[in-house]
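Novice: The following block contains the structure, expressed as structure tokens.
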Amino acid sequence: MMTIKTVFAQCITCNSVESVDVDAGVLHDWRHGGGLVQDLFPALTSPEREVLIGNRSDMHTCAECWDQLRVDEQEADIYMEEENHEVE
Ligand SMILES: [Zn+2]
């Protein structure tokens, strides 16, 4: 029988809590250096893997805030491209 463990991670930006259900045995292996998260949990989506990584590192950023970060970066790029330089 497989035991399911629910892992939580709180976003450091907006404080929202996300969770993911995983096999407790595989989770134990991963926490003890049993391999990469994407190899041990191939069925999880990348936001779900982020919850596991965030739970372990205590530095979680939720999917929504990641999207926001990407938008901010894109806006910064646009600003850089539009910047004018006076040349003699
Ligand atoms: Zn967030």
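Conditions (1) surrounded by 11 or more Cβ atoms within 10 Å (Cβ to Cβ); (2) modelled with pLDDT under 95, marked per residue:
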| position | (1), (2) |
| --- | --- |
| Gln10 | yes, no |
| Cys14 | yes, no |
| Ala24 | yes, no |
| Leu27 | yes, no |
| Gly33 | no, yes |
| Pro47 | yes, yes |
| Asp58 | no, yes |
| Cys62 | yes, yes |
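Novice: Within segment 1-59, take every residue that is within 14 Å of the ligand (Cβ to nearest atom) and without any contact (Cβ under 8 Å) to a residue 24 or more places away in the chain and give me the one that is nearest to the chain's Cα centre (by Cα).
Specialist: Per the criteria, the residue is Val17.
Novice: Additional query: Out of (1) part of a loop (DSSP other than H, G, I, E, B); (2) exposed (fewer than 10 other Cβ atoms within 10 Å of the Cβ); (3) not polar (S, T, N, Q), what's the single condition that is false for Asp39?
Specialist: It fails just one condition, (1).
Novice: Can I ask one more? Going by the conditions given, is Val87 closer than 25 Å to Thr13 by Cβ and out of contact with any helix residue (DSSP H, G or I) (no Cβ under 9 Å at 6 or more places or on another chain)?
Specialist: no
Novice: Output yes when any residue across segment 62-83 is within 16 Å of the ligand (Cβ to nearest atom), touching a residue at least 12 places away in the same chain (Cβ under 8 Å) and β-branched (Val, Ile, Thr), and no when none is.
Specialist: No: segment 62-83 contains no residue that is within 16 Å of the ligand (Cβ to nearest atom), touching a residue at least 12 places away in the same chain (Cβ under 8 Å) and β-branched (Val, Ile, Thr).
The values are calculated or read from the model by the stated rules, or taken from the named source; none is laboratory data. Predicted model only: the values in this text are computed from it and were never measured. Glycine gets a Cβ as well: all are built from the backbone with ideal geometry, and neighbour counts include every protein chain shown.
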